[in-house]
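Worksheet: the structure to be examined is printed underneath.
The values are calculated or read from the model by the stated rules, or taken from the named source; none is laboratory data. Computed from a predicted structure; not experimentally measured. Because the Cβ atoms are built from the backbone with ideal geometry, glycine has one as well, and the counts that use them run over all protein chains shown. Just so you know, the surface numbers come from the protein's heavy atoms only, side chains and all, with ligands and any DNA or RNA stripped out. Shrake-Rupley method; radii C 1.70, N 1.55, O 1.52, S 1.80 Å.
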Amino acid sequence: MGYKVVVAGATGNVGREMLNILAEREFPVDEIVALASRKSLGTEVSFGDKTLKCKDLDTFDFTGWDIALFAIGSDATKIYAPKAAGAGCIVIDNSSLYRYDPDVPLIVPEVNAHAIMGYARKNIIANPNCSTAQMVVALKPLHDRATIKRVVVSTYQSVSGAGKEGMDELWNQTKAIYNPTDNVPPSKFPKQIAFNVIPHIDVFLDSGETKEEWKMVAETKKILDPKIKVTATCVRVPVFVGHSEAINIEFEEFLDWQEAQDILREAPGIMLIDKREPGGYITPIECVGEFATYVSRVRQDSTIENGLSLWCVSDNLRKGAALNAVQIAELLGSKVLKKG
Ligand SMILES: NC(=O)c1ccc[n+]([C@@H]2O[C@H](COP(=O)([O-])OP(=O)(O)OC[C@H]3O[C@@H](n4cnc5c(N)ncnc54)[C@H](OP(=O)(O)O)[C@@H]3O)[C@@H](O)[C@H]2O)c1
């Protein structure tokens, strides 16, 4: 016996990947339904070798369904997640709406799987921001060994993190640059993204940081350790899929770079690719469609007593969203629902 699974936002970047990953990982599904907005009614999406026709989320009855994977943005989540949770269906949500709610666990299974039982307070589990998810997977085993005090991170985030409209904007602007009669002004992004980089993701806060940067701080504390100080600079780059991060870490104790490599090589969810030679590191294009969080360029930071720097890359639609959500569903299956 398997699970009755809902995928809400099935026509979107994350929703499509959730369907792919449920099929790839052979999640024990008895019945599955793909939901989106009314305008997508009947739109076909793939689930393994099957095709599903999308239904309308607005009229869907969640009664009797076990798990709903949501990837529909915060505004729609505010309406539909309480409806699903209230009907007894456990929601795993990709939006930022519930991430900072003390009654909702925020989970990266490699890091804080123990928090899963907190699901029962609201029948909702939150999935972290894409940049946080991959970073905490890399930080966790190093924190366990040498206790992280402070993290300085700069991100290089792909346009797919801004949904399908973000990918279209990069594609259309890039084509338009070679055809001067076309003009594709910025719309999804605040400035031209083709052949450019933009140090601004999500809204500005009074502190001068952006909400995306604040999310990395708040979520790292909630998932990994509230004592870790984080400062982030989040940058959008003209890459379709795959987020990269340059991470500088200050520890309580000394950690030699070779020992850090050994720790990362053994750590769950991590793939270490770190040869100190041209091409001996990972780039975002190589991580597309992969499950792993990749780490390269591990090296000592000699400007502080106990410091390391490293490069971390992952498919933001997978570990940063859909894969993590499916891993949470697997955890829920093994620890709570116990079907399948
Ligand atoms: N992309 C990432 O790297 C990433 C990472 C972590 C978290 N997330 C989060 O995941 C969510 C989805 O992101 P995405 O990149 O997949 O966006 P997307 O490509 O723009 O897709 C949005 C999906 O939500 C559906 N939707 C929107 N409003 C709806 C409504 N009122 N009722 C029903 N369905 C509605 C859309 O359906 P229609 O096609 O019918 O409009 C579509 O299926 C967002 O909350 C985002 O912040 C994304």
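A few remarks follow.
- Number of positions in the range 194-210 that are open to solvent by 20 Å² or more (accessible area, probe 1.4 Å) and touching a residue at least 40 places away in the same chain (Cβ under 8 Å): 3
- Residue count, the range 265-302 (criterion: open to solvent by less than 80 Å² (accessible area, probe 1.4 Å), of a type outside the set (Val, Ile, Thr) and within 20 Å of the chain's Cα centre (by Cα)): 11
- Checking Val159 against (1) within 16 Å of the ligand (Cβ to nearest atom); (2) among the hydrophobic types (A, V, I, L, M, F, W, C); (3) open to solvent by 80 Å² or more (accessible area, probe 1.4 Å), the condition it does not meet: (3)
- When residues of the range 96-110 are limited to those that are open to solvent by 10 Å² or more (accessible area, probe 1.4 Å) and either small (Gly, Ala, Ser) or touching a residue at least 60 places away in the same chain (Cβ under 8 Å) (or both), the one nearest to Glu165 (Cα to Cα): Ser96
- Output for the range 38-72, where each listed residue is part of a loop (DSSP other than H, G, I, E, B), within 13 Å of the ligand (Cβ to nearest atom) and in contact (Cβ under 8 Å) with a residue 24 or more places away in the chain: Thr43, Cys54, Phe60, Ala71, Ile72
- Test: residue in the range 303-322 that is within 18 Å of Val239 (Cα to Cα) and open to solvent by 50 Å² or more (accessible area, probe 1.4 Å): yes
- Looking across the range 188-213, the residues that are touching a helix residue (DSSP H, G or I) at 6+ places or on another chain (Cβ under 7 Å) and among the aromatic types (Phe, Trp, Tyr) come down to Phe189, Phe195.
- Subset tally (residues that are away from the ligand (no atom under 15 Å from the Cβ) and within 13 Å of Val6 (Cβ to Cβ)) for the range 86-122: 4
- Number of residues in the range 165-201 that are small (Gly, Ala, Ser) and closer than 18 Å to Ser131 by Cβ: the value is 1.
- Which listed residue, of Lys78, Lys83, Lys4, is more than 9 Å from the ligand (Cβ to nearest atom), assigned to a strand (DSSP E or B) and touching a residue at least 12 places away in the same chain (Cβ under 8 Å): Lys4
- Yes/no for Leu69 being under 19 Å from Arg25 (Cβ atoms) and open to solvent by less than 40 Å² (accessible area, probe 1.4 Å): yes
- Odd one out for Ala87, checked against (1) in contact with a helix residue (DSSP H, G or I) (Cβ under 9 Å, 6 or more places away or on another chain); (2) among the hydrophobic types (A, V, I, L, M, F, W, C); (3) surrounded by fewer than 19 Cβ atoms within 10 Å (Cβ to Cβ): (1)
- Looking across the range 7-27, the residues that are within 9 Å of the ligand (Cβ to nearest atom), in a loop (DSSP other than H, G, I, E, B) and either open to solvent by 10 Å² or more (accessible area, probe 1.4 Å) or not aliphatic (A, V, I, L, M) (or both) come down to Gly9, Thr11, Gly12.
- The set of residues in the range 172-183 being surrounded by fewer than 18 Cβ atoms within 10 Å (Cβ to Cβ) and without any contact (Cβ under 8 Å) to a residue 60 or more places away in the chain consists of Asn172, Lys175, Ala176, Ile177, Tyr178, Asn179, Pro180, Thr181, Asp182, Asn183.
- Boolean, Val237 is touching a Phe, Trp or Tyr at 6+ places or on another chain (Cβ under 7 Å) and surrounded by 16 or more Cβ atoms within 10 Å (Cβ to Cβ): yes
- Selection within the range 120-156: residues that are of a type in the set (Lys, Arg) and outside any helix (DSSP H, G or I). The member of this set that is most open to solvent (accessible area, probe 1.4 Å) is Arg150.
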